[in-house]
1. Quick check: Cα centre of the stretch 169-188 to Cα centre of the stretch 242-282, how many Å?
2. State the extension gain, in nm to one decimal, for the chain segment bounded by ASP404 and ARG365, taking 0.36 nm per residue of separation less the distance between their alpha-carbons.
3. Under 12 Å Cα to Cα from LYS240, which aspartates and glutamates show up? Leave out anything in the same chain fewer than 8 places away.
4. Rounded to a whole number, what % of the accessible area of the stretch 229-379 do carbon and sulfur atoms account for, probe 1.4 Å?
5. Among the aspartates and glutamates, which fall within straight-line cross-link reach of LYS128, defined as a Cα-Cα distance under 19 Å, with same-chain neighbours fewer than 8 residues apart omitted?
6. Using the Karplus curve 6.51 cos²θ - 1.76 cosθ + 1.60 with θ = phi - 60°, what ³J(HN,Hα) values do you get for each residue of the stretch 106-119, in whole Hz, with x for Gly and Pro?
7. Just need the relative contact order of the stretch 229-379 here, percent rounded to a whole number, with Cα pairs under 8 Å and 6+ apart.
8. Per residue, what accessible area does the stretch 75-148 have, given a 1.4 Å probe and all protein chains present, in Å²?
Amino acid sequence: MAFQGQIITCKAAIAWEPNKPLVIQDVQVAPPQAGEVRIKILFTALCHTDAYTWSGKLSFRSSIILWSAIHLLPLQDPEGLFPCILGHEAAGIVESVGEGVTEVQPGDHVIPCYQAECRECKFCKSGKTNLCGKVRAATGVGVMMSDRKSRFSINGTPIYHFMGTSTFSQYTVVHDVSVAKIDPKAPLEKVCLLGCGVPTGSNSEDCLIMKFPIPSVVELANGQGIQGSISLGAVWNTAKVEPGSIVAVFGLGTVGLAVAEGAKAAGASRIIGIDIDSKKFERGTSLTLPYSPKNFGVSEFVNPKDHERPIQQVLVDLTDGGVDFSFECIGNVSVMRAALECCHKGWGTSVILGVAASGQEISTRPFQLVTGRTWKGTAFGGFKSRSQVPWLVEKYMKKEIKVDEYITHTLTLGDINKAFDLMHEGNCLRCVLEVHT
């Protein structure tokens, strides 16, 4: 309450431009306006959505040019505005609220969610989707809805928001429709993963946690066209894996392991992990690789490099006609095709989880779909954020879903660039960074 109504100066990791190291520096965070919440971020997760935006690889609207007071940059991502504060998987405590906010109050433990839930718009009222349209027009361009301005600045220069969350900051301001109030007994350094990675995830590669999304692949990830969803939600809500099913998981990073966990919980009889790195299947045999895919439910492992035939044919032969469900957790359009084509004729379903690089499109022979295979997609695993994230926290508290098992490293906020390096090295599932030290 000491800062209520006042500007807070705190530390944040600033992305000034693509492919340049993040800079830890002081940022001014304005008080929340009507319908907004200012949160003290204690823990956050770094995933490949952040990395792709930062790197400039995810160019969904590369023809658009962004003018800012400092830079003239190509817009690499619908939310790839620079300078900005990245981050979208976190947990913290409400510091103050703006006018009209009634569902949370200072002191509440919360998870900020990049997928809003207003419960009033066409999407929320439809009962058919977890998408929400209330604040997307603002969050997609790095500002707040009430005045189309940022709440972040450095010496008067605006710093853009990212995904409506911007959790790589000790304090952030978000819309109230994007805040899930959770059990105060839940450990924030663990449940921050439930803001993205475990229920929805990122793309193919391993993610990190820190203390402190023609028809295109993007359209599929937003539930359009043929119908990527991710992790537990992809299994439970989108694919609806049934007991006795045969499941193939392409990519055994954090997201792939969460998919395997969900499939095991759903009663799958076989869970086949596909990855070109055989060392991933050996996790659990050393301190640097402490968790084996077997711990998450993977029962068999196939390395495409060990076979001359296409991997889809290998899997069709291995499963007497194909798998019942497949999940692509990589973001590679060729693998997306293989994931569909390894599915059983007549009923096989493939869910795209990975987000591909810019300009890439998915393809297959129409015959694959005519003969009964299905491609599906959703956002945030189909979960309604404010309603169901607290439920996921409850499941974690009851030890019904894994979270702790993904954490392999701990660092500090000042080591955020090192954390990105760890993410790319392959031996790290999650790295917890302490922010307020």
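1. 30 Å
2. Roughly 9.9 nm would be gained on extension.
3. Candidates past the 8-residue exclusion: ASP324.
4. 52 percent
5. Straight-line reach from LYS128, under 19 Å: GLU117, GLU120, GLU219.
6. Going residue by residue, I get x, x, 5, 8, 9, 10, x, 10, 5, 9, 6, 8, 8, 6 Hz, with x marking Gly and Pro.
7. 25 percent
8. Computed with neighbouring chains in place, this is 39 Å² per residue.
The values are calculated or read from the model by the stated rules, or taken from the named source; none is laboratory data. Here the structure is a predicted model, which means the values were calculated and not measured. Please note: Cβ atoms are built from the backbone with ideal geometry, for glycine as well, and neighbour counts cover all protein chains shown. Surface areas here come from the heavy atoms of the whole protein model, side chains and all, with no ligands, DNA or RNA. Shrake-Rupley method; radii C 1.70, N 1.55, O 1.52, S 1.80 Å.
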